[in-house]
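Shown next, in structure tokens, is the structure this report addresses.
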Amino acid sequence: MNSVIKGTGYVLVHTPDMVLHNGTTQTTERIVNPESEYLKELPKHLRSYEDVLSYYPNQTYIGNVTPDELAAVEQPWHDKKAPMNDRFGPFGEIMPQEEFLLLMQACDVFDLVKLSSDFVAAHKDALLKNEYVGPAVEGRLAEGVSMEEVEKLVNEEHAEPLYHGNVLVGCVKNAHDIDVNLSAHVMLENIVSKASSVLAMLHAVRNAGIDKNEVEYVIDCCEEACGDMNQRGGGNFAKAAAEIAGLDGATGCDVRGFCAGPAHAILNAASLVAAGTFKTVMVTAGGCTAKLGMNGKDHVKKGLPALEDCLGGFAVILTADDGVNPCINLEYVGRHTVGTGSSPQAVISALVTNALDKAGLKINDIDKYSPEMQNPDITKPAGAGDVPQANYKMIGALGVKRGDLEKSELAAFPQKHGLVGFAPTQGHIPSGVPYIGFARKSILEGTINRAMIIGKGSLFLGRMTNLFDGVSFIIEKNEGKGQEAGVSEEQVKGLIAKAMKDFAASLLAE
Amino acid sequence: MDLENQKRVKDLAEEHGPENIVVLLGAAEAEASGLAAETVTNGDPTYAGPLTGVSLGLKVYHVCEPEVKAEFDPQVYEDQISMMEMVLDVDEICSEMNSIREQYCKY
Amino acid sequence: MSILSGKKVIIIGDRDGIPGPAIEECAKTAGADVVYSSTECFV
């Protein structure tokens, strides 16, 4: 049985104060160079929520601007405004910081997130009014505490302060006095990850048009670890988030692999569905405070806005074959093995061409490749280049080597078979998966037939191995042969028409 | 440059003598190459790491520069690195590296 | 004069450029003694 992509959720959270207080570039600078010009300059480079909404790549991430439309906009993008500044899009939303702080409080089950009662009162209604989130958090929002209590916790109890507009509005307490794995710092990172994952899950469930109770299994693939001093990475973010999202019929687990985590998790999920173990599986990940403002020094030095000001989150729902939605091909997966080595050509061969060879396909038989979709607006000024473009150049070069492409076709390859990067540099978030929503839509509309999702992971950063890692898989058009309960051609057409109509309606509604 | 890497560079230069050390870089862009090269020659230009204000003056090359490339086994270079020459702007990287070496390299 | 032969070589690779281990393979063929190899990640 095939597994199909039933729906996706993609969310961003604008967190300017967390850039200043929780991003590791800034926290490190505060330790080694507390009086630095950079720390003084950075606040002037933070963007407003309005600017974040009208930023082209962000509107692409939530589905209001297609990758093709974004590609037609001349780079850089930070000095341009998208023609819309919508909070919501067909895939998800861009949540403002004040509501997210309340969502964190709602996701906290150990009485660790303490927000001032004034702050809660000022923003509670906004969060409850959010049709995706409101019902899930209703009854979970505390009234808040006095500012005296917040200040005492921050000054005397090692709580991590929470700011909004550079004003202290709350804190995250430590969950244990001695255990570093339950320190306030770790708890803040974990609750942020959980809350942004919950937000993506709620959008995905709605977008997939399924009942929450249909989800049987959730796999979390973020890059945080939760546990205590006796089991540092014990887990389980997946089930913790599923609880808040109200997926009462689900259990789950966490899958890790640095930035390759999402691709590994989707292979796991698709296999569980294909094996018939579960009918509906969700893959999700929340965002990472540590990476906020990671390349801020370069952005500030060049007079750019601090572009790494958003957390990212996503969720993908896979179900048993419905005869309509695009399938994940489990026969021809690419993988970087222990013996592959780390030369760029070996990595790309292992991930791309080995899978194509197995499938008997040529490089140009894949309509769109989605490797790491980091936004080049962020990475280019930081000296990391245009990451997706570099991947396309390598894939194209391999194509020429294999004789799949003429050398003269090489220059046009990235534009034809590639995408421009539109995802925030949140590690696992940009890794292949941001395109799944658009891939589903384009395959359903018939504009493409096949897409390859490529996840790569820098395992060496954990200092346990010097190896690199990655897996890839192909998403393809559903030929309608494998549907579970015989759907007629009429029904298929009806479903496609409905999907397209819903999409058009969501665009018009903005 | 990563703070741990700066620390290792500093320690290794002390241990083996800066004149005996060569640093090889694999950065993706000219500017990043220049920053890393500056860090191991003139000191950390971002004032963040252990090499801040430490001018080691080490000999430093990007791995795609012709001077060092000529010393590698061509087949190994072909297998390990050659494809990246199509991706990187090698000319720009070379000119940036030359400029840093001229200014700060002591060996 | 050889640049690498007999020298102590420190490798700072880049995940999105050339990773450390790939440089290491090359440096060894030039007679260098690789004393440290690491790969940086900006994304």
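The values are calculated or read from the model by the stated rules, or taken from the named source; none is laboratory data. None of these values were measured; they are calculated from a predicted model. FYI the Cβ positions are ideal-geometry reconstructions off the backbone, even for glycines, and counts take in every protein chain you see. When the accessible area is computed, the model is the full protein with side chains, heavy atoms only, and any ligands, DNA or RNA have been set aside. Shrake-Rupley method; radii C 1.70, N 1.55, O 1.52, S 1.80 Å.
Values for this structure:
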| read-out | value |
| --- | --- |
| Test: residue in region A:250-270 that is crowded, with 24+ Cβ neighbours inside 10 Å, within 13 Å of residue A:201 (Cβ to Cβ) and of a type outside the set (Asp, Glu) | yes |
| Residue within region A:297-317 that is closer than 29 Å to residue C:16 by Cβ, open to solvent by less than 10 Å² (accessible area, probe 1.4 Å) and within 14 Å of chain B (Cβ to nearest Cβ) present | yes |
| Where residue A:58 falls short, out of the listed (1) more than 17 Å from the chain's Cα centre (by Cα); (2) crowded, with 22+ Cβ neighbours inside 10 Å; (3) within 26 Å of residue A:385 (Cβ to Cβ) | (1) |
| Search result, residues across region A:169-197 that are touching an Asp or Glu at 6+ places or on another chain (Cβ under 9 Å) and among the β-branched types (Val, Ile, Thr) | A:169, A:172, A:186, A:191, A:192 |
| Every residue from region A:71-130 that is without any contact (Cβ under 8 Å) to a residue 60 or more places away in the chain, open to solvent by 50 Å² or more (accessible area, probe 1.4 Å) and among the small types (Gly, Ala, Ser) | A:72, A:121, A:122 |
| Where a residue in region C:15-38 is facing chain B (nearest Cβ under 7 Å) and touching a residue at least 40 places away in the same chain (Cβ under 8 Å) and its partner, wherever it lies, is open to solvent by less than 30 Å² (accessible area, probe 1.4 Å) and not polar (S, T, N, Q), with Cβ under 7 Å and at least six apart | none |
| Flag for residue A:149 being more than 19 Å from residue A:310 (Cα to Cα), in contact with a Lys or Arg (Cβ under 7 Å, 6 or more places away or on another chain), part of a helix (DSSP H, G or I) and open to solvent by 30 Å² or more (accessible area, probe 1.4 Å) | yes |
| Members of region A:19-35 that are open to solvent by 10 Å² or more (accessible area, probe 1.4 Å) and either among the small types (Gly, Ala, Ser) or in contact (Cβ under 8 Å) with a residue 24 or more places away in the chain (or both) | A:20, A:21, A:22, A:24, A:25 |
| For residue B:85: the one exception among (1) free of Cβ contacts under 8 Å to residues at least 60 places away in the same chain; (2) over 30 Å from residue A:397 (Cα atoms); (3) open to solvent by 30 Å² or more (accessible area, probe 1.4 Å) | (2) |
| Residue check, residue B:34 open to solvent by less than 40 Å² (accessible area, probe 1.4 Å) and assigned to a loop (DSSP other than H, G, I, E, B) | no |
| Region B:50-71: number of residues that are assigned to a loop (DSSP other than H, G, I, E, B) and open to solvent by less than 10 Å² (accessible area, probe 1.4 Å) | 6 |
| Criterion (at pLDDT 95 or above, at negative phi and not assigned by TED's automatic domain parsing to the domain that holds residue A:107) met by exactly one of A:198, A:154, A:205, A:192 | A:154 |
| Members of region B:3-31 that are assigned to a loop (DSSP other than H, G, I, E, B) and in contact (Cβ under 8 Å) with a residue 40 or more places away in the chain | B:27, B:28, B:29 |
| Options A:268, A:329, A:325; residue that is in contact (Cβ under 8 Å) with a residue 12 or more places away in the chain, assigned to a helix (DSSP H, G or I) and of a type in the set (S, T, N, Q) | A:268 |
| Residue match in region B:76-96 (condition: assigned to a helix (DSSP H, G or I), touching a Gly at 6+ places or on another chain (Cβ under 8 Å) and more than 8 Å from every other protein chain (Cβ to nearest Cβ)) | yes |
| Only one of A:449, A:466, A:478, A:391 that is open to solvent by 60 Å² or more (accessible area, probe 1.4 Å) and more than 25 Å from residue A:225 (Cβ to Cβ) | A:449 |
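Every residue, every condition in (1) more than 16 Å from the chain's Cα centre (by Cα); (2) under 21 Å from residue C:40 (Cβ atoms); (3) within 14 Å of chain A (Cβ to nearest Cβ), yes or no:
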position	(1), (2), (3)
B:6	no, yes, yes
B:12	no, yes, no
B:19	no, no, no
B:27	no, yes, yes
B:49	yes, yes, yes
B:53	yes, no, yes
B:62	no, yes, yes
